[in-house]
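Below is a structure I'd like to ask you about.
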Amino acid sequence: MSREQKAVECARKAFLTGRSKPLEHRIRQLKNLQRFLLEREKEIAEAIKKDLNKSEAGTQLYETLGLEGEIVLAVKKLAEWVAPRPVEKNLLTISDTVYIQPEPLGVVLIIGAWNYPWAVTIQPLIGAIAAGNAAVVKPSEVCVHTAKVMEDLLPAYIDKELYPVVTGGVSETQELLRQRFDHVFYTGNSMVGKLVMEAAAKHLTPITLELGGKSPCYIDKNCDIPIACRRVTWGKYSNCGQTCIAPDYILCEPSIQDRVLEEIKKSIKAFYTEDPKTCPDYGRIINQRHFKRIMAMTEDSTIAIGGDSDESTCYIAPTVLKDVQVNSKVMQEEIFGPLLPILTVSGVDEAINFINKGEKPLALYIFSPDDKVIKKVIAETSSGGVLANDCLVHYSVSALPFGGVGNSGMGSYHGKFSFDNLSHLRGCLIKQLKMEGVNDMRYPPHTAKKLFWARFFILKNPDLGWLGRMTLLAIIAVVAAVVLQRYLQ
Amino acid sequence: MAKLQYYTGVVLESSAYSNIPCPLFYQSLTQYGSSMSREQLVVERARRAFQTGMSKPLKFRVHQLKNLHRFITERRKDIADAVKKDLNKTEHSTELFETLGLEGEIDVAVERLAEWAAPRPVEKSLLTILDEVYIQPEPLGVVLIIGAWNYPWAVTLQPLVAAIAAGNAAVVKPSEVSSHSAKVMEELLPLYLDKELYPVVCGGVSETQELLRQRFDHIFYTGNSTVGKLVMEAAARHLTPVTLELGGKSPCYIDKDVDLRVACRRITWGKFVNCGQTCIAPDYILCEPSIQNRVVEEIRKCITEFYTDDPKTFEDYGRIINQRHFQRVMSLLEGSTVAIGGDSDQSQCYIAPTVLKDVTGGSKVMQEEIFGPLLPIVTVSGVDEAIQFINEREKPLALYVFSPDNKLIRRVIAETSSGALVANDCLVHFTVSALPFGGVGNSGMGRYHSQHGFDQLSHLRACLIKKLNLEDANAMRYPPHTAKKLGWARFFLLKQVNLRRLRRMALLALFSAMAAFIVQRFLR
């Protein structure tokens, strides 16, 4: 048995004991996870610093704060999420118990990514634990230091059989994908996403794929450009552009391009100083391979801001490219780096046409003071999520499902969506063995008369809720009438 | 090939409603037309039609759904004739088990569509208190629906209702095994529904494979697990999400304290409808040895009551779909004791309603989903052993428990898993549109019926509309990152303020103040 096989079997055995199911267990594990984040803040921050050159405050803000929020929410709401969910009754089920019962799926595989290694690896784990599953956690090997901290320290806080951490590279991941899981949760790129889905197909395992794409950012010429550019700058250069929902490129009219450039330049300076290379809050590209990949993209475009780099430290300055053409290198793939191309369009119609020529992105950004423009873009495009007048922040709205569509992914999570997508929502109908006479209409021999009754019961959709309310109103009216009458006597 | 556009509202041309050709697409089609397969052409046409945006407006969707309804009511005879030839069902039976459910689904969709398609506001937080936050359902694009042969109309058209309701185009591929129904679908559906948005493509394995090579925005497959895996694998190449309605061995546990007469009546009905060829039929019975004989007797009585002494001549008893399945089902008898029935007639694909007793877990009939009129009884020592037996096997599509004891029922629910669970009856959860219908594990993924189908074939897009004011509040997130800023971020992100409760409290305070004021004035 390979190491991976053993870990999965061990997790399955642990799940089959039933110990991941009770609410107290799930809450205890979630609180332990929370403790881990607080007690090991230093180790987490150090690992991120080595992997991505993030500052300690940056790590908290972008990685662990969101996790803490999700844990707090899950602990608070778990009893509500787990409870049976009664559904609307009809004439045939009026005296039955009808509800949806959330249940654990079993053993979930979570494959993390390297850009926000804690956020995108642990957030699915929170959902898995909350839903009562076991989970095999496979952090990305690319963020080497973080993977090690996860492997070394997580087992000291959460059940190491139910939630093992399995590190490794491509071959270890392939070996994991050969095992049978009850759900596979993958964050990463579309190419590997297809391989993950193919592997899952062999076991009929449902999947969640959080992929990426080129998230467009349309800036209306009538909007408050300084503020818009401030938000776009922040959204773009956080984590050195290595964010799945970073605004990938800007679309705007030629008349405002220079203004946009000016404002972005100002914001870059305000955030990262005159020399971002020495600013502790400006990150680095994860490794040489990605550094080269990104630098190659600047080859056939005009650099308006930045452009300088240092291969030895994987540093690329906050860069803006102007007058970018649609067939330029930088527009052929998701940038995932600190290059911000600006493409000029004649207006929102051309912007919409342009967006629709590409694959459906994970996020779509629109900066406009005009609600009609915003609603038009929403109506005429598709994307995982859409955010008007800001960047990234929909990620922290736990009431919104976070996920892609088309090439940007399938499934969603965050908040209750994590719980629901890692559960089986089982339809339950509890009938009684009485009133057998009513069932005659369904038994053979099938006659026109019986069919008539069946038609009545199945097609008649009385609004039972409304009927109930009307009845209540009638009772109150009668009582009021009686009381008034007595009072007036 | 020009990269195709996948979204609504991009009006390139309105192929069905105008004569204005779109140079780009006609050019590309004629250029490649001769080398394109029939399936490829159909899918491209459906995509083009989708991109005109015409499937999106609610009025259009309702119109198409009402046309589908009209098709079912006007062509009742054609549908019934086809099902009679395919599965030997009577006209009434076809209505009861196939089209009635469809009519119900269409009615619900038409009634509720505006509600389902509307933006769904979500709970706000401190950070979004001034923003518009909602989930917007959107069409996915082009859906592929691969139907099955056992209820060819129900399982092929019910997903179509969901696809239309959600604003998609849909390529409908009925099962070639129910060949007469497939033919009627192919010939008559285009007379009622938009034939470019909702084409019917008939064919066998190779045509289905060719379809699966094309790119869709969702694939909805009903059938068996083996093909289900192939469908998912094909979908993976395009990152297409899938709904797989598969099957399995749906267990039926009979508690010894239950009213056996009624229980067996419902089970008999559930099992032998459509000659056992129902994905949610009770596949096998689990009960204690002490009641086995009683169970057999009661089932015998019900079989006679429902299907007369000679089911072969009775019009409401069906047939096995074809020779291959006939042989498959008959071979499952090997090694088991026949307690009722067992007779057959290969020339007619007739198998009598059959009950097998004292069946063991290792016997042939317990190795695969029966999908036929054989009802094995496996004896167990009690509910504990029943639960263990069930859990040793793949998660089924349905699980049935017959018991007067609510505690026992809850226990079975808590200690097993299945697509759905019904206590004290069979099959009927299929008609409860508020319940999601789908499997788990080997019995499938995804679900449909009513709003569940609408949601499954939509993209539920997260929308957050902010304003460009209050920029100062954002200072806490901008570099340079300081401890002080972090403190504020922690406050806003971690504080779980129950805005609804705050509003209720405020309202209550207001009422109390008003009440106090009125009482005071009144008392003076």
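The values are calculated or read from the model by the stated rules, or taken from the named source; none is laboratory data. As the structure is a computational prediction, the values presented were derived from the model and not from experiment. Note: ideal-geometry Cβ built from the backbone for every residue, glycine included; neighbour counts use all protein chains shown.
Could you list, ordered by first residue, the pairs with Cβ atoms under 7 Å in which the first is in region A:89-113 and without any contact (Cβ under 8 Å) to a residue 12 or more places away in the chain and surrounded by fewer than 20 Cβ atoms within 10 Å (Cβ to Cβ) and the second is of a type in the set (A, V, I, L, M, F, W, C) and assigned to a strand (DSSP E or B), at least 6 apart or interchain?
No pair meets every condition.
Which ones in region B:239-259 are assigned to a loop (DSSP other than H, G, I, E, B) and over 30 Å from B:Asp455 (Cβ atoms)? Before the answer, list the steps.
Of region B:239-259, the ones assigned to a loop (DSSP other than H, G, I, E, B) are B:239-241, B:246-250, B:255-259.
The answer is B:Asp255, B:Lys256, B:Asp257, B:Val258, B:Asp259.
Regarding B:Gly441, is this residue at the interface with another protein chain (Cβ under 8 Å from one of its Cβ atoms) and either aromatic (Phe, Trp, Tyr) or surrounded by 24 or more Cβ atoms within 10 Å (Cβ to Cβ) (or both)?
Details: at the interface with another protein chain (Cβ under 8 Å from one of its Cβ atoms): yes; either aromatic (Phe, Trp, Tyr) or surrounded by 24 or more Cβ atoms within 10 Å (Cβ to Cβ) (or both): yes.
Spelling it out, B:Gly441 is indeed at the interface with another protein chain (Cβ under 8 Å from one of its Cβ atoms) and either aromatic (Phe, Trp, Tyr) or surrounded by 24 or more Cβ atoms within 10 Å (Cβ to Cβ) (or both).
Ok, one more. State all residues of region A:50-79 that are surrounded by fewer than 19 Cβ atoms within 10 Å (Cβ to Cβ) and more than 12 Å from chain B (Cβ to nearest Cβ); if no residue qualifies, say none.
Hits for region A:50-79 are A:Lys50, A:Ala79.
To continue, here is another question. If I ask for residues that are in a helix (DSSP H, G or I) and over 13 Å from B:Lys357 (Cβ atoms), which ones from region B:299-311 would you list? Outline the logic, then answer.
Initially, region B:299-311 is screened for residues in a helix (DSSP H, G or I), giving B:299-307, B:311.
Scanning region B:299-311 gives B:Lys301, B:Cys302, B:Ile303, B:Thr304, B:Glu305, B:Phe306, B:Tyr307, B:Pro311.
Across region B:55-95, what is the number of residues that are within 30 Å of B:Trp116 (Cα to Cα), basic (Lys, Arg), in a helix (DSSP H, G or I) and within 14 Å of chain A (Cβ to nearest Cβ)?
1
Does B:Val355 satisfy the criteria of being in contact (Cβ under 8 Å) with a residue 24 or more places away in the chain, closer than 11 Å to B:Ser336 by Cβ and touching a strand residue (DSSP E or B) at 6+ places or on another chain (Cβ under 8 Å)?
Values: in contact (Cβ under 8 Å) with a residue 24 or more places away in the chain: yes; closer than 11 Å to B:Ser336 by Cβ: yes; touching a strand residue (DSSP E or B) at 6+ places or on another chain (Cβ under 8 Å): yes.
For B:Val355, the condition - in contact (Cβ under 8 Å) with a residue 24 or more places away in the chain, closer than 11 Å to B:Ser336 by Cβ and touching a strand residue (DSSP E or B) at 6+ places or on another chain (Cβ under 8 Å) - is met.
Now for a different question. Which ones in region A:316-349 are in contact (Cβ under 8 Å) with a residue 12 or more places away in the chain, within 14 Å of another protein chain (Cβ to nearest Cβ), outside any loop (DSSP other than H, G, I, E, B) and more than 27 Å from the chain's Cα centre (by Cα)?
A:Val348
So, one more: Identify all residues within region A:271-295 that are surrounded by 14 or more Cβ atoms within 10 Å (Cβ to Cβ), within 14 Å of chain B (Cβ to nearest Cβ) and not charged (D, E, K, R); write none if there are none.
Result: A:Phe271, A:Tyr272, A:Thr273, A:Pro276, A:Cys279, A:Pro280, A:Tyr282, A:Gly283.
Here is a further query. Give the residue, chosen from B:Asn469, B:Asn391, that is of a type in the set (S, T, N, Q), out of contact with any Asp or Glu (no Cβ under 7 Å at 6 or more places or on another chain) and modelled with pLDDT under 95.
Working: B:Asn391 fails: modelled with pLDDT under 95.
That would be B:Asn469, the only listed residue that is of a type in the set (S, T, N, Q), out of contact with any Asp or Glu (no Cβ under 7 Å at 6 or more places or on another chain) and modelled with pLDDT under 95.
Looking only at residues that are assigned to a loop (DSSP other than H, G, I, E, B) and touching a Ser or Thr at 6+ places or on another chain (Cβ under 9 Å) in region B:167-177, which one is surrounded by the fewest Cβ atoms within 10 Å (Cβ to Cβ)?
Initial filter on region B:167-177 (assigned to a loop (DSSP other than H, G, I, E, B)): B:167-168, B:174-177.
Then keep just the ones that are touching a Ser or Thr at 6+ places or on another chain (Cβ under 9 Å); that gives B:167-168, B:174-176.
Details: B:Gly167: 26, B:Asn168: 28, B:Pro174: 28, B:Ser175: 23, B:Glu176: 16.
Among residues in region B:167-177 that are assigned to a loop (DSSP other than H, G, I, E, B) and touching a Ser or Thr at 6+ places or on another chain (Cβ under 9 Å), the one surrounded by the fewest Cβ atoms within 10 Å (Cβ to Cβ) is B:Glu176.
If you don't mind, there's one more thing I want to ask. Kindly indicate whether any position in region B:495-504 is buried (at least 21 other Cβ atoms within 10 Å of the Cβ) and under 25 Å from A:Gly235 (Cα atoms). Let's see the steps before the verdict.
Restricting attention to region B:495-504, the residues satisfying the condition of being buried (at least 21 other Cβ atoms within 10 Å of the Cβ) are none.
So far as region B:495-504 goes, no, none of its residues is buried (at least 21 other Cβ atoms within 10 Å of the Cβ) and under 25 Å from A:Gly235 (Cα atoms).
Among the residues of region B:244-266, which ones are more than 10 Å from chain A (Cβ to nearest Cβ), more than 24 Å from B:Ile303 (Cβ to Cβ) and in contact with a strand residue (DSSP E or B) (Cβ under 8 Å, 6 or more places away or on another chain)?
B:Glu245, the sole residue that qualifies.
Condition check: among the β-branched types (Val, Ile, Thr), on the phi < 0 side of the Ramachandran plot and within 33 Å of the chain's Cα centre (by Cα). Does B:Ile321 satisfy that? Outline the logic, then answer.
Values: among the β-branched types (Val, Ile, Thr): yes; on the phi < 0 side of the Ramachandran plot: yes; within 33 Å of the chain's Cα centre (by Cα): yes.
Against the criterion (among the β-branched types (Val, Ile, Thr), on the phi < 0 side of the Ramachandran plot and within 33 Å of the chain's Cα centre (by Cα)), B:Ile321 qualifies.
Please name all residue pairs, on different chains or six or more residues apart, with Cβ atoms under 7 Å, provided the first residue is in region A:170-187 and is farther than 18 Å from A:Gln123 by Cα and touching a residue at least 60 places away in the same chain (Cβ under 8 Å) and the second residue is surrounded by fewer than 16 Cβ atoms within 10 Å (Cβ to Cβ) and of a type in the set (Gly, Ala, Ser).
Cβ pairs passing all conditions: A:Glu175/A:Ser2.
Please count how many residues of region B:313-347 are within 14 Å of chain A (Cβ to nearest Cβ) and farther than 30 Å from B:Val258 by Cα.
Of region B:313-347, the ones within 14 Å of chain A (Cβ to nearest Cβ) are B:313-318.
From what is left, the residues that are farther than 30 Å from B:Val258 by Cα are B:313-315.
Summing the residues that are within 14 Å of chain A (Cβ to nearest Cβ) and farther than 30 Å from B:Val258 by Cα in region B:313-347 gives 3.
So which pairs qualify, if the first residue must be in region B:305-324 and more than 13 Å from B:Asn274 (Cα to Cα), the second must be surrounded by fewer than 16 Cβ atoms within 10 Å (Cβ to Cβ) and acidic (Asp, Glu), the Cβ gap must be under 8 Å, and the two must be at least 6 apart or on different chains?
B:Lys312/B:Asp345
Consider region B:105-155. How many of its residues are more than 20 Å from B:His459 (Cα to Cα), at pLDDT 95 or above and within 13 Å of another protein chain (Cβ to nearest Cβ)?
Filtering region B:105-155 down to residues more than 20 Å from B:His459 (Cα to Cα) leaves B:105-108, B:111, B:124-131, B:146-155.
Next, only the ones that are at pLDDT 95 or above stay: B:105-108, B:111, B:131, B:146-155.
Checking the rest, the ones that are also within 13 Å of another protein chain (Cβ to nearest Cβ) come to B:105-108, B:111, B:131, B:154.
Total meeting the criteria: 7.
Please report, ordered by residue number, the helices (runs of 4 or more DSSP H) entirely within region B:442-524 with at least 3 residues that are touching a helix residue (DSSP H, G or I) at 6+ places or on another chain (Cβ under 9 Å).
Working: elements: B:450-456, B:483-494, B:499-523.
Correct list: B:450-456, B:483-494.
So, of the residues in region A:71-127 that are among the hydrophobic types (A, V, I, L, M, F, W, C) and in a strand (DSSP E or B), which turns out to be farthest from the chain's Cα centre (by Cα)?
Going residue by residue through region A:71-127, those that are among the hydrophobic types (A, V, I, L, M, F, W, C) are A:71-75, A:78-79, A:81-83, A:87, A:91-92, A:94, A:98, A:100, A:105, A:107-111, A:113-114, A:118-120, A:122, A:125-126.
After this cut, where a residue has to be in a strand (DSSP E or B) as well, the list is A:98, A:100, A:107-111.
On the way: A:Val98: 31, A:Ile100: 24, A:Val107: 20, A:Val108: 16, A:Leu109: 16, A:Ile110: 13, A:Ile111: 14 Å.
My answer is A:Val98.
Determine which member of the set A:Leu467, A:Leu451, A:Leu429, A:Leu425 is under 23 Å from B:Asp107 (Cβ atoms), within 7 Å of another protein chain (Cβ to nearest Cβ) and within 42 Å of the chain's Cα centre (by Cα). Lay out the reasoning, then the answer.
Working: A:Leu467 fails: within 7 Å of another protein chain (Cβ to nearest Cβ); A:Leu451 fails: within 42 Å of the chain's Cα centre (by Cα); A:Leu425 fails: under 23 Å from B:Asp107 (Cβ atoms).
After ruling out the rest, the residue left standing is A:Leu429.
Related question: Against the condition modelled with pLDDT of 95 or more, surrounded by fewer than 22 Cβ atoms within 10 Å (Cβ to Cβ) and among the hydroxyl-bearing types (Ser, Thr, Tyr), how does B:Ser418 come out, does it pass?
Numbers: modelled with pLDDT of 95 or more: yes; surrounded by fewer than 22 Cβ atoms within 10 Å (Cβ to Cβ): no; among the hydroxyl-bearing types (Ser, Thr, Tyr): yes.
The answer is no for B:Ser418.
Moving on. Can you tell me which of A:Leu433, A:Leu422 is touching a residue at least 40 places away in the same chain (Cβ under 8 Å), surrounded by 14 or more Cβ atoms within 10 Å (Cβ to Cβ) and hydrophobic (A, V, I, L, M, F, W, C)?
Numbers: A:Leu433 fails: touching a residue at least 40 places away in the same chain (Cβ under 8 Å).
Among A:Leu433, A:Leu422, only A:Leu422 is touching a residue at least 40 places away in the same chain (Cβ under 8 Å), surrounded by 14 or more Cβ atoms within 10 Å (Cβ to Cβ) and hydrophobic (A, V, I, L, M, F, W, C).
Looking at A:Pro216 and the list (1) touching a residue at least 24 places away in the same chain (Cβ under 8 Å); (2) at the interface with another protein chain (Cβ under 9 Å from one of its Cβ atoms); (3) in contact with a Leu (Cβ under 7 Å, 6 or more places away or on another chain), which single condition is not satisfied?
(2)
A further question follows. Among the residues of region A:399-409, is any surrounded by fewer than 24 Cβ atoms within 10 Å (Cβ to Cβ), more than 7 Å from every other protein chain (Cβ to nearest Cβ) and under 14 Å from the mean Cα position of the chain (by Cα)?
no
A follow-up question, please. Scan region B:454-464 and give yes if some residue there is free of Cβ contacts under 8 Å to residues at least 12 places away in the same chain and under 30 Å from A:Pro361 (Cα atoms), otherwise no.
So the first thing to find is which residues in region B:454-464 are free of Cβ contacts under 8 Å to residues at least 12 places away in the same chain, and the list is none.
No, the conditions are met nowhere in region B:454-464.
Across region B:263-290, what is the number of residues that are of a type in the set (Lys, Arg) and under 14 Å from B:Ile370 (Cα atoms)? Working first, answer last.
Of the residues in region B:263-290, the ones of a type in the set (Lys, Arg) are B:265-266, B:271.
Checking which are under 14 Å from B:Ile370 (Cα atoms) leaves us with B:271.
Of the residues in region B:263-290, 1 are of a type in the set (Lys, Arg) and under 14 Å from B:Ile370 (Cα atoms).
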